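Take a look at the structure below.
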Amino acid sequence: MSPRDDDVLRMRAEVLALPLEEEASAGVPVLVFRLGQEKYGLGLRALTEVIDDWRLTPIPGAIREVVGAINVRGEIRAVLDLALLLDFPEPSTLDGEILLLRREAGPLGLLVGAVDGLEDVKKEDLRPLSSPHLAGVTEQGLRVLDSDALRDHPLLRGRIS
Amino acid sequence: MSLRARIIAAFQSETAEHLQVIREALETPESLLEEASYLKVMRCAHTMKGGSRAVGLAVVEEYAHALESVFEAAHKSGSPPGEEALGLIHRALDLLEDATAGLTEERSTPDDSELIEELTALTQSEPKVDSSAPTALISAPPRAEPVKSAGSKDLQVVRVPRAALDRLLSLSGRALSESLMTQRTTQELRQLSQNMERLVAESDLARLQQGLRALADETQAVLEAQSQRAWAVQLANKAVQNTVNEALVVQARSVFSDLGPMVRELGASQEKLVEVRVRGLGTRTERRLLQTLWEPVVHLIRNAVDHGLQRPQERRAAGRPERCRLEFSVTTSRDRLCMVVEDDGVGFDYEKIRQRAVETGRLKAKAEPTQAQMQELVFEVGLSTAEELTELSGRGIGLSVVRDVVHSLGGTIRIDTGELGGTRFTLDVPLTFVATSLLLVECADQVFGIPSGNLNGINRVKTSELSELQGQRMVSLADGELVPIKSLAKTLGMAGAVQTVGQTLSYAILRVGSRRLALAVDGFRSHLDAVVRPMELPGPRLSWLLGGCLLDDGSVCLVTNPSHFIAGSQDSDLELAEALEEFRPAKIMVVDDSMTTRLMQTAILEGKGYEVLAARSGVEAMDILKDQTVDLVVSDIQMPEMGGLELLETIKSDEKLCKLPVVLLSSLGAREDVERGMKLGAAAYLVKQDFDQEELLRLVRQLV
């Protein structure tokens, strides 16, 4: 069993240890951040951590979505611009924060704008949107991302080069 | 551990070493005629003899004695042992190995008195052996239990020597206490902050000034204390890291020691005569890799014994020696671990594999797979061509697992016929925490690493001395060869010109195979020994990127793959730009009585575009300072005439010079020197013994 398998098992255990979702009543904790002009949210369970103090090393020749690499406690992680992954026309500026997306192949960084905080979002409050990336939008205009769809993005599926 | 157990353990490891020495010497039997090699072999045999008495292994004593006599006879006769004799000797060595292993494994002690007789016979007359005799001697007696479960080496558990753990514990304790010392810095800073707050309310100008003066002194004191604490923390952590690395590196023997006995036992249980050669067990490498590769290797070996190697009668019928050969070797290069399992058996039946592939739909009936595709098929699930499934292997799933394990380590596995004419598996995996020596270069405001293994030198050249050949800019190297010069930035697809300082260009010379190339960079940083790790990078693979490593400041440094530059296209327009038009080089005076140090520092600083004046002592330095203005002094402490501390004192008491920053270099980091220097107003101190040019340059940049 590789350390990575260990990670996977540990993560699964953690997820399983979380209290069960009360049927659509308690809501799910969602991290709220800016992306372009909009407010976006991503389920906390899809993330391993938020990094606000980082030093990015650009990678020449990499695809446009890859903004660079950072050191996360001794591990080197690529960072991708979430705005570009979501097909925004404009890339993010380099003054935001980096979310570490939890994945089987190890965490990957997502560059976003400023992080506002946590919000509990109930499933029934989400109005569906046609976008493939979104689970829906709340009445207050918070666009909640579908973390499974995000992890299934061709650039996030995972491959060691 | 009982005393006896300890003695046995010592005897086993000692014997393993002796056996290896003897086996290695026998690779070239002629070496027995050379005095040095002969004495070494004799000493090994003799020591084994002595040791065997202590553990009560009479049989070892007998064999060792017989071997001694054989070596002696060969040495005296002046002719190396022939094929037959070598066969006997190897069998004796194998038996010795098995007997030693048997001490702790509850096996019957192998005995083969006929072998002893044969060995003795060799010494009595000319080394003439009746060729019919050996067939009667089936080497190891068959054993009740075939082979212990191969999976007993638990990969999740790592054995670390007790001493290493103890050391680690004490070192981490030290690291912790040193890091706790930095809490004091926090307190001191808090105090400073309060003092500052109080000062803000001060309205009296004189008292404000006085308060500010005091504050400046306090700040300086905190700075000094903190820099020492940070240093101590760094040292302690480095020691921890070194110990961890040591604990994780072991000899291959610690994992693969029982391979030889295992194979012979396996062979004996199938009535096959196997001559095993195991090489490179002394190789020190990563424990984790050895443990991970243990199972695949055992699998390959079992496959070889089960399907590759044949019984004596089959071998005889095929006109081959009855004894089969199986070899296993471990080697490491700078950053790879390589294991080879090779046999002289029947090899793969590629036609049968092809048929099976067609049957199972993996291959079209008319397809003509390439060599590479065939290799791939060998590893595919369910392609066992063994006529019968044995208990031990031939389940067909094995090879794909072997391949997957090797791939998961980022390695490769190859199959070929090998030198023995049977099957050879070559497993090649990258080492994961071996530090690679890197040259750090600056390029377009970024730092890149170039592996020193491919580095042929670094140099600088006046831009006017560059030439052109068929549209490609060329530079003439020290040995006269004209090689292409390319911009690193442009090769990586970055915009921007290469920076020159004083119309002089810095370049690194790369060598890949027989080809050389100059890579123009903005400047050199330093050397760094770092672990280069592959990184997950979404998108197409970048051929120039070998991986990433971490710099001292915690940022990620990308490491380049030199072969990319050699293979790359021409770079016809080498765009150059002089750094900062209004650049006035800062003047730095280097004071040291050692010419080597003066030259080295001068070279480092001049390479960065600084103007450097050198002095041999404090007196000479003061002489120069009389009529020359400099921006910084870097001085050794211990010098004849006037030492660094005196020089510092003289400078600080001089009205005109007192603002001039002075960096002290002390050879031993003697605390009292450092403290005195700081009191006298030194801007910084560096310890010479772990002199780091990057540290010096950083200080210089800061101070001028």
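Loop-only GluC sites (Glu not before Pro) in segment B:1-60, please: DSSP not H, G, I, E or B, and at most 16 other Cβ atoms within 10 Å. Numbers along the way, then the final one.
On the way: sites: B:Glu14, B:Glu17, B:Glu24, B:Glu27, B:Glu30, B:Glu34, B:Glu35; in loops: B:Glu27, B:Glu34.
Those satisfying the criteria are B:Glu27, B:Glu34.
Only sites in a loop by DSSP and with at most 15 other Cβ atoms within 10 Å count here; which GluC sites (Glu not before Pro) in segment A:51-149 make the cut?
On the way: sites: A:Glu65, A:Glu75, A:Glu97, A:Glu104, A:Glu119, A:Glu124, A:Glu139; in loops: A:Glu65, A:Glu104, A:Glu139.
Hits after loop and neighbour filter: A:Glu104, A:Glu139.
Just to be sure I understand the model, the point goes 7 Å from the Cα along the line to the Cβ. What's the resulting B:Arg198 to B:Ser452 distance in nm?
A separation of 5.2 nm, rounded to one decimal place.
Counting DSSP beta bridges in the protein assembly as shown, what percent are antiparallel, to the nearest 5?
75 percent
Place a point 7 Å from Cα of B:Arg277 in the direction of its Cβ. Which residues in segment B:306-338 have their backbone N less than 12 Å from it?
Counting backbone N atoms under 12 Å from the label point, the list is B:325-329.
How well do other chains shield peptide B:555-565, expressed as the mean number of their Cβ atoms within 10 Å of each residue Cβ? Please list the in-between numbers first.
Values: counts 7, 13, 4, 7, 0, 0, 0, 0, 0, 0, 0.
Mean shielding by partner chains, rounded to a whole number: 3.
Do you know the relative contact order of chain B, to the nearest whole percent, from alpha carbon pairs under 8 angstrom that are 6+ apart?
6 percent
Which lysines, on any chain, are close to B:Lys656 with Cα under 25 Å apart, when same-chain ones fewer than 8 places away are left out?
B:Lys587, B:Lys626, B:Lys679
How long are the three semi-axes of the equivalent ellipsoid for segment B:170-266, computed from the Cα gyration tensor as the root of 5 times each eigenvalue, in whole Å, largest first?
On the way: eigenvalues 687, 18, 11 Å².
Each semi-axis is √(5λ); the values are 59, 10, 7 Å.
If the cut-off is a Cα-Cα distance under 17 Å, which aspartates and glutamates reach A:Lys39, setting aside same-chain residues fewer than 8 apart in sequence?
A:Asp81, A:Asp87, A:Glu90, A:Asp95, A:Glu97, A:Asp116, A:Glu119, A:Asp120, A:Asp125, A:Glu139, A:Asp146
Set the Förster distance to 60 Å, then compute FRET efficiency between B:Glu376 and B:Leu223 from the Cβ-Cβ distance, nearest 0.05.
0.45
Which pairs in the list B:Lys272/B:Lys352; B:Lys238/B:Lys608; B:Lys76/B:Lys272 are over 27 Å apart, alpha-carbon to alpha-carbon?
Too far apart for the 27 Å limit: B:Lys238/B:Lys608; B:Lys76/B:Lys272.
In debye to the nearest 20, how big a dipole does chain B give about its Cα centre with +1 on each Lys and Arg Cβ and -1 on each Asp and Glu Cβ? Spell out each step's value before the answer.
Working: 78 positive and 102 negative charges, 241 e Å.
So the magnitude is around 1160 debye.
Counting helices only, and only those DSSP H runs with n ≥ 4, report the 222 nm mean residue ellipticity of the protein assembly as shown as the sum of -39,500 (n - 2.57) divided by its residues, in deg cm²/dmol to the nearest 500.
Computed mean residue ellipticity for the protein assembly as shown: -12500 deg cm²/dmol.
How well do other chains shield peptide A:74-84, expressed as the mean number of their Cβ atoms within 10 Å of each residue Cβ?
Mean partner shielding for this stretch: 3.
Using modelled amide H (1.01 Å from N, peptide plane; none on Pro or chain starts), what sits under 5 Å from the amide H of B:Leu309, excluding residues fewer than 5 places away?
Long-range HN contacts for B:Leu309: B:Val346.
Starting from the 7 Å offset along Cα-to-Cβ, what nm value, one decimal, do you get for the label separation of B:Gln187 and B:Lys366?
Once both label points are built, they end up 8.8 nm from each other.
What is the extension gain from B:Arg213 to B:Thr463, computed as 0.36 nm multiplied by their sequence separation minus the C-alpha to C-alpha distance, in nm to one decimal?
Answer, rounded to one decimal: 85.0 nm.
Dividing the alpha-carbon radius of gyration of the protein assembly as shown by 2.2 N^0.38 Å (N being the number of residues), what value is obtained?
The reported ratio for this selection is 1.21.
Across every pair of different alpha-carbon atoms, what Kirkwood hydrodynamic radius in Å does chain B reach?
31.6 Å
Between Rg and the Kirkwood Rh of segment B:611-658, both from Cα atoms, what is the Rg to Rh ratio?
The Rg/Rh ratio comes out at 0.92.
Which angle from 0 to 90°, rounded to the nearest 10, does the C-alpha axis of helix B:398-408 make with the longest principal axis of chain B?
10 degrees
Please identify the GluC sites (Glu not before Pro) of segment B:230-330 that satisfy two criteria: DSSP loop assignment and at most 11 other Cβ atoms within 10 Å. Which are they?
Hits after loop and neighbour filter: B:Glu271.
Taking the Cα centre as origin and putting +1 on Lys and Arg beta-carbons and -1 on Asp and Glu beta-carbons, what dipole magnitude results for segment B:407-474, to the nearest 20 debye?
With only Lys, Arg, Asp and Glu charged at Cβ, the dipole is about 60 debye.
Between B:Glu114 and B:Ser77, what FRET efficiency comes out of the Förster formula 1/(1 + (r/R0)^6) with R0 = 41 Å and r the beta carbon distance, rounded to 0.05?
0.95
How crowded by other chains is A:56-69, given as the mean number of beta carbons from other chains within 10 Å of each beta carbon?
6
Rule-based calculations on the coordinates, nothing more; no lab input. The structure displayed is predicted, hence computed values, not measured ones. Glycine also receives a Cβ, built like all others from the backbone with ideal geometry; neighbour counts cover every protein chain displayed.
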